[in-house]
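Written out below as C-alpha cells is the structure these notes cover.
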Amino acid sequence: MKSSMLANVVFVLSVAGVTHFINGDHLSNETSVSSVGESSIASRSIILPGDLSNPNIVEGKNLSTIHDSENINSYSLDQNIFTHERNGDQKLKIVSESAHVISELANTKKLSSEKIGSTKVEQSSTVEAGNDLDSGRQTISNTNKPDVSEHPKATKKQPPQQLRNTSSAQSSTSLKTNVASSSTEKRTRRTSSSRGSNFSEKLKGWQPLYGIGRLGREALDTKCRKELQQLVEAIENKKVWALKALDASGTPEPGFFYGNNLWIGSHFQCVDISNRKPFEVNKNVPHAAPTPYDYPPFQMAFAMVYARHNSTLQQHTQLPSEWTVQLGLCIPKSCSSDDLKHLSKKYFSEDNLEFQNIYKVKLDVLDVKKLRDDAGWFFMLPKTIIFSVIVIITLLCCIVGTILDVRRHNKEKNLISGHNAGITMNGKCVTTNISTVELVPPGLDSELSNREPSSLEKILVCFSVYSNTKNLMKTKLSSDSIGCIHGLRFLGMLWVIGVHSIFYQVDFFKDQAVGFRVSEEFFSQIFSNSTYCVDTYLVISGFLVGYLYYKAKNPHEEMKKKLNCIEKINEFFQMSINRYLRLTPPYIVLIIFADCIHTYYKYSSSLTSFEKQDQLCEKYWWRNLLYINNLYPRSEMCLSWSWYLSLDTQAFMVAIALLILSTVVFKIAAAFTILLVLVNIVAVSMKTYSIGYIPTMDEQFAQLDAIYDLPWHRIGPYLIGVITAYFLKVRLQNKLSLQRSTRIFLWTIFPLLNLWIIFTIYTRQISIEYSAFYMGTSRVLWGIGISWILIACCTGNAPLLNKFLSFKGFIPLSRMTYCAYLLNPLTAQMMFLGSETGFTAVKASMALSICAVSLNTFYMSYLYCLMFECPFVRLTKMALTKVMGKRSGTQSNRTDDQTQKNIGDKTNNNITTNENS
C-alpha cells in the first residue's frame, strides 16, 4: 500500500514537472502573440495514475483529463510517453520512463533560450501535436464524461490526489505566464522591427524620393541634410505632408518598353503642399480631418533629375529624348542642385531602385534642374527687358497711330458727307447733290491737300489697327488676281500646323513607340509622309514670283529692248531688299520672343524641350538674319523650323536671277532652269543611295541635315512653280481649252500622281535603289501635280474646285499664313511645356492637339500681323517709294483697291503684297 502511494506521489510529481516544462517552454511559444496577459484564464489538466486503469485510455489514442477546481489550464500528454499497464511493476516502469523524459527535457530547457530562433519549425510541429491532443481529449471527454467546466460544483467531487497537486499546478502556471510574456514581448519587438525594416526597404526600392532622402546625411549643406532627415522620418511616421511630397514625386511608370522615360510626378501638387487655403468645395463633401502634420515645417521645391539609361530592351526610335529618364522630386527648398545631383548619383549607382534590378538598367545622372516658382528673375533678364521694350513701343505706336487714323478718316467722312448733303440757306437746300463719281468737290480737294500729314504721322498711321485690320479682312479681289492661291495657302498651312503639332510634341510623349505604330497605318501616311506640305508652299512661292514678274514684263518683248545691265542689277537688288525688309522685322521679334519663352520654361516647367532655343539663338541668331542657317546642322540651328525661310529666300534669289536673265536671253535662262531641276533630282538620289536612306519615320528625324534642309535638295518644286507661271501667263495667257475626255484624263493622272507619292512607301518595305529613285523624283513630281491644279483653276478647267479654293473666308486667313508659319511651332511648344505632363501618342490626343494648336496659332497670328507684319510692310513700301523718288501720297493708305492697283504697276510691290513664305 505504501509502495503504491509512493508510486502515486512520484507519478504526480513527474507529471507536474513535465507539465511545468512544457507550459514554460513549449506552450509559451505557441501562445506568445495571442496569450499575452491571458495565461491566468487558460485551462489546465492533471493526469492521475488512477486514471490509467480507465479503459478509455487503453482504447483511445489520448489520455482523458480532469479539470481542476480553478479551471485554469488544460494540458495533455501523449500515450506514447505513458503506456497503460495493470500491475505495479509496470507502473514503476512508467515512473522511471517519466523521470527519464523529465531529465532530458530539463537539459533541453537550459539551452532553449539560445535556440529559440532555430526551433521555430519544431515548435510549430509541437503546437500542431498539442492541438491534436486537445481535439482528441475533447472528443473522449464529450463521449464518456460530462464537461466539468460547465458545472461550478464539480470541484467538490474531485479526488484527493488532484487537490494535493493544486498548489504545484498554480506555481507551474505562474512560471509559464512569465516566460510566455517575456517571449511575446521579444517576438513583438522583432516583428515590429522587421515590419519597419521591410517598409523602409520597399520605399527605398520603389520611391526614389525616400531612397535619396535616406542618403541625406551625405548632403553638402547642413540645412538640407537636416530637412531631408525630417522628411524621411515624416514619411516613415506617415505624416500627411510627407506623404503628399512622396505622392508628388515621380516613380518608374508603366510603358518603359515603349519609351516611357517621363517619371515626372506633379510640380503643382508639390508647390501646393504649403498652401493653407482650403479648397472651395461644398463643406458636406467628404474630406480628411485636419491633423497637426498637414503642412511641411519648411518650404518645398520641385526638381528634375536627368539620368541616361542603357537599356536595349526599350524600343528606340532615334529621338533625342529616348535615352534620358526624367525624374521629378519634391524636395526641401534648402537643397541645392549640387546636393541633389550628388545624392541621386549615389542612389542610382548602387542600384537601389528595384526598377534597375528588374530591367537590368544602369542610370547615370547627367544633370539636375531645380525649378523656380517665382517669375521675378525672368523679367530682370536683359533679353526679356529688350523684348518688353519692343512690345511696349509697338503697342504705343499702334494706339497713337489708330487714334490719328480714325480721326483722319472721320474728318474725310464728314467733309464728303457734308458736301453730298448739299448746302442749305434759310432751311432750304440751294444746291443739288454731287454725283457719286465726284466725292470731293474741287474746293474741298484743295482743303484736304493742304492737310497733308507729316512724315511722323505717316509712320504712326502705318501701325493703325483700324486700317491694318481693314486691309487684312477685305475679301474683294481684283479681276486679274488668282483666287485659288488663297485656298491653297490656307489649307497648306493647316497641313503644316498639323505636322508641326505632332513633330514638336514628340519630346513629351510617354509612349513614343506607340506613335510610330500609329504612323505605320495606311491613312496615317498623310502625316508620316507629310514633308510634301512644304513642297506645296515652295511651288506656290515660285509660281507667285514668276507670275507677278511676267505680269509686269513679257520676256519676249523685253528681249527686243536695248540691254541696260545697271538697270537689271538694280532690279535684282531692289527685289531682294524689298523681300528682306518685308520678312525680317517680324522674324527678328520672333527670335527674341522664342529665346525668352524657352528661357522661362527651362526653369519653370517640369517638361524639357530638346530644342534648346535659349542657347542656340544667343549664339547663332546672325545666321537666321542672313538666311543661311539651313546650311548648318540642326544641332546649331536657332528656331529649327526657320530653315524653310532660308531655303525660300535662297530659291527666291535664284529665281529672280533667272527671271531677269529670261528678259535678256530667254533660252539660256530656260536651259539653266531645267538644268537646276535635273541637278536637284540627281543630287537627292545620289545622297539617298550613298547613306542607304529609307524614308522611315525615325530616319526622317535622323537625316534632316543630310536630306531635308539643303537648298540643292529642295529647289526643284520652287522652279517648277516658276515654269508653271511662265506657261500660264506668257504662253497660255490664262486660257486653256480642253476637250472633256482630255480634261478627265488629266484630272485622273495628276491626282493619282500625288496620291502615289504619299502612299507608295506604305510599310517602307522598299529597296535602297527604289528609295533613291523615289526621293529624287517625288518632290518634283509633287510640284507638277500642284501646278496642274493652279493651271486648271486659272483657265476654267476646274470650276467647282476653283470656287471652293477661292472661298472668301480663306482670303483673310491666307494673308496671315506667314505669321502663322512663324508662330505655330512656338505656340505648340508653349502649350505642351505649360501643361507639365506627358502625353499619349493616340489618335484622339493628337487630333485634339492639332485643333488646339491651329486655333491658337491663327489667334496669335492676327495680333502678330497687326503689330509686326502689316506696319513694316507699309513702312517698307513707303521707304522704297521715297528712295525711288516717287511721291507716295495718301491714296495708298485710303483704300486697298488703290493699293492693289499701285502694287500691280510695280513688280517689286507685286511680290511684296502677294508672295508669302
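Could you list all residues from the stretch 495-523 that are among the polar types (S, T, N, Q) and at pLDDT 90 or above?
Ser501, Gln505
Name the single residue that is surrounded by the most Cβ atoms within 10 Å (Cβ to Cβ) among those in the stretch 805-839 being of a type in the set (Val, Ile, Thr) and within 19 Å of Ser541 (Cβ to Cβ).
Thr817
Only residues that are in contact with an Asp or Glu (Cβ under 7 Å, 6 or more places away or on another chain) and part of a helix (DSSP H, G or I): list them for the stretch 629-646, please. Can you show your working first?
Applying the first criterion (in contact with an Asp or Glu (Cβ under 7 Å, 6 or more places away or on another chain)) to the stretch 629-646 yields 630, 633-634, 640, 643.
The answer is Asn630, Arg634, Ser640, Trp643.
Six or more apart or on different chains, Cβ atoms under 6 Å: show the pairs whose first residue is in the stretch 512-526 and closer than 15 Å to Ala847 by Cα and without any contact (Cβ under 8 Å) to a residue 12 or more places away in the chain and whose second is hydrophobic (A, V, I, L, M, F, W, C) and assigned to a helix (DSSP H, G or I).
Matching pairs, first to second residue: Ser524/Val518.
Closer than 27 Å to Gly546 by Cα and part of a helix (DSSP H, G or I): does that describe Phe652?
For Phe652, the condition - closer than 27 Å to Gly546 by Cα and part of a helix (DSSP H, G or I) - is met.
Residue by residue, here is whether (1) β-branched (Val, Ile, Thr); (2) under 25 Å from Arg489 (Cβ atoms); (3) at pLDDT 90 or above; (4) not in a helix (DSSP H, G or I) holds:
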| position | (1), (2), (3), (4) |
| --- | --- |
| Tyr547 | no, yes, yes, no |
| Asn570 | no, no, yes, no |
| Met575 | no, yes, yes, no |
| Asn578 | no, yes, yes, no |
| Leu583 | no, yes, yes, no |
| Glu618 | no, no, yes, no |
| Tyr627 | no, yes, yes, yes |
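In the set Ile566, Ile592, Ile597, Ile588, which member is free of Cβ contacts under 8 Å to residues at least 24 places away in the same chain, at negative phi and among the β-branched types (Val, Ile, Thr)?
Among Ile566, Ile592, Ile597, Ile588, only Ile566 is free of Cβ contacts under 8 Å to residues at least 24 places away in the same chain, at negative phi and among the β-branched types (Val, Ile, Thr).
Tell me the helices (runs of 4 or more DSSP H) entirely within the stretch 478-544 that contain at least 2 residues that are touching a Gly at 6+ places or on another chain (Cβ under 7 Å). Give the steps one after another, and end with the answer.
Values: elements: 484-503, 512-519, 525-528.
Passing ranges, in order: 512-519.
Are there helices (runs of 4 or more DSSP H) fully within the stretch 781-889 with at least 3 residues that are of a type in the set (Lys, Arg)? List them.
Counting at least 3 such residues, we get 870-883.
Take Gly265 and decide whether it is part of a loop (DSSP other than H, G, I, E, B), touching a residue at least 12 places away in the same chain (Cβ under 8 Å), on the phi > 0 side of the Ramachandran plot and within 15 Å of the chain's Cα centre (by Cα).
Answer is yes for this residue.
When you go through (1) among the acidic types (Asp, Glu); (2) out of contact with any Lys or Arg (no Cβ under 8 Å at 6 or more places or on another chain); (3) closer than 17 Å to Tyr532 by Cβ one by one for Asp709, which number turns out not to apply?
Status for Asp709: all satisfied but (2).
Quick one: in the stretch 750-770, of everything that is surrounded by 12 or more Cβ atoms within 10 Å (Cβ to Cβ) and under 13 Å from Leu781 (Cα atoms), which residue is farthest from the chain's Cα centre (by Cα)? Before the answer, list the steps.
In the first step, residues of the stretch 750-770 are kept if they are surrounded by 12 or more Cβ atoms within 10 Å (Cβ to Cβ); the result is 750-751, 753-762, 764, 766, 768, 770.
Adding the requirement that they be under 13 Å from Leu781 (Cα atoms) leaves 750-751, 753-758.
Working: Phe750: 40, Pro751: 37, Leu753: 37, Asn754: 34, Leu755: 33, Trp756: 34, Ile757: 32, Ile758: 29 Å.
Residue satisfying both the conditions and the ranking: Phe750.
Do we find that Pro717 is within 25 Å of Ser642 (Cβ to Cβ) and modelled with pLDDT of 90 or more in this structure?
Numbers: within 25 Å of Ser642 (Cβ to Cβ): yes; modelled with pLDDT of 90 or more: yes.
It is true that Pro717 is within 25 Å of Ser642 (Cβ to Cβ) and modelled with pLDDT of 90 or more.
Filter the stretch 812-845 for residues that are over 12 Å from the mean Cα position of the chain (by Cα) and over 25 Å from Thr584 (Cβ atoms) and give the result. If you could, list the steps in order and put the result at the bottom.
Filtering the stretch 812-845 for residues over 12 Å from the mean Cα position of the chain (by Cα) gives 812-827, 842-844.
Within the stretch 812-845, Val842, Lys843, Ala844 meet the criteria.
Kindly evaluate Phe543 against the criterion of being in the same structural domain as Ala820 (by TED's automatic domain parsing), crowded, with 21+ Cβ neighbours inside 10 Å and modelled with pLDDT of 95 or more.
Yes: the conditions hold for Phe543.
The values are calculated or read from the model by the stated rules, or taken from the named source; none is laboratory data. Predicted model only: the values in this text are computed from it and were never measured. No Cβ is skipped: glycine too gets one built from the backbone with ideal geometry, and neighbour counts run over all protein chains shown.
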